[in-house]
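I have placed the structure first, in the form of structure tokens, so that the comments after it can refer back to it.
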Amino acid sequence: SQQGEEDPQALSIQEGENATMNCSYKTSINNLQWYRQNSGRGLVHLILIRSNEREKHSGRLRVTLDTSKKSSSLLITASRAADTASYFCATDELGAGSYQLTFGKGTKLSVIP
Amino acid sequence: DTAVSQTPKYLVTQMGNDKSIKCEQNLGHDTMYWYKQDSKKFLKIMFSYNNKELIINETVPNRFSPKSPDKAHLNLHINSLELGDSAVYFCASSPYGSRVGTEAFFGQGTRLTVV
């Protein structure tokens, strides 16, 4: 079943601007991850935030997690044309009985040079 | 060296045929997965194997049969292909099949087109 839902579905910004994508999920989780998928390619892991963490940084990426609202956001600062891709959140569901990642539908980000 | 590799990258075949997609990972991971990505980019898990044993089998038609000859390989065989099977199939692996929760490493995908 679908767990994460990203918002917006598509986002177009100018190079240098910040891009914010949101993810909502339905059940309790162990962790939440963000992945990037370039056109025609596989998914690449960006960052993982555990359920007991509220914020995490990695380079130009900033992820927040609000477990009370069951939501997360991914902020990409000073965007570059190379950031153009689809971004997916994925959740590791607590108590699922086995390890699996459940993905949302993704946000398609276009960064215009 | 490619961490998770799938072959073939593209597969075009007629309805009713049987086809296989191969996946190999050289990361020493315990757990491997097959995901299906539909035309709307939605990714859904199909199977998960931990140390060659099936641990997740989502609601997938019996025509799909995974096989894991060893920890580094997880192949996907599809019988009697249907138009609705057209999608991109991703193989992935991760270090632990337990509650630790780590990142997954994905292959480049196999774009299957059934005509």
### Query
How about the stretch B:74-108: which of its residues are facing chain A (nearest Cβ under 7 Å), modelled with pLDDT of 90 or more and out of contact with any Ser or Thr (no Cβ under 7 Å at 6 or more places or on another chain)?
B:90, B:106, B:108
### Query
Mind checking whether some residue in the stretch B:54-71 is of a type in the set (Ser, Thr, Tyr) and either within 19 Å of residue A:103 (Cβ to Cβ) or within 11 Å of chain A (Cβ to nearest Cβ) (or both)?
yes
### Looking only at the stretch A:27-40, and only at residues there that are within 14 Å of residue A:91 (Cα to Cα) and loosely packed, with under 14 Cβ neighbours inside 10 Å, the one that is nearest to the other protein chains (Cβ to nearest Cβ)
A:28
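Quick check on the stretch A:1-15: of everything there that is open to solvent by less than 50 Å² (accessible area, probe 1.4 Å) and more than 12 Å from residue A:105 (Cβ to Cβ), which residue is farthest from the other protein chains (Cβ to nearest Cβ)?
Looking only at the stretch A:1-15, we keep the residues that are open to solvent by less than 50 Å² (accessible area, probe 1.4 Å), and these are A:2-4, A:6, A:8, A:11, A:13.
Checking which are more than 12 Å from residue A:105 (Cβ to Cβ) leaves us with A:11, A:13.
On the way: A:11: 14, A:13: 20 Å.
Looking at the filtered set, the residue picked out is A:13.
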### Task
For residues that are farther than 16 Å from residue B:69 by Cα, open to solvent by less than 20 Å² (accessible area, probe 1.4 Å) and within 11 Å of chain A (Cβ to nearest Cβ), tally how many sit in the stretch B:5-40.
2
### Task
Evaluate the following for residue A:43: is it within 13 Å of another protein chain (Cβ to nearest Cβ) and surrounded by 21 or more Cβ atoms within 10 Å (Cβ to Cβ)?
yes
### Task
Output the residues belonging to the stretch B:46-93 that are closer than 17 Å to residue B:36 by Cα, open to solvent by 50 Å² or more (accessible area, probe 1.4 Å) and touching a His at 6+ places or on another chain (Cβ under 9 Å).
B:67
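So if I check each of A:72, A:68, A:58, A:24, which one is touching a strand residue (DSSP E or B) at 6+ places or on another chain (Cβ under 6 Å), loosely packed, with under 15 Cβ neighbours inside 10 Å, more than 10 Å from chain B (Cβ to nearest Cβ) and small (Gly, Ala, Ser)? Spell out how you get there, then give the answer.
Working: A:72 fails: loosely packed, with under 15 Cβ neighbours inside 10 Å; A:68 fails: touching a strand residue (DSSP E or B) at 6+ places or on another chain (Cβ under 6 Å); A:24 fails: loosely packed, with under 15 Cβ neighbours inside 10 Å.
Checking each option against the conditions leaves just A:58.
The values are calculated or read from the model by the stated rules, or taken from the named source; none is laboratory data. Computed from a prediction, not measured in an experiment: that's the story for all the values here. In this analysis, Cβ positions are derived from the backbone assuming ideal geometry, glycine residues included, and neighbour counts consider all displayed protein chains. The accessibility values were calculated without ligands, DNA or RNA, using every heavy atom of the protein model including side chains. Shrake-Rupley method; radii C 1.70, N 1.55, O 1.52, S 1.80 Å.
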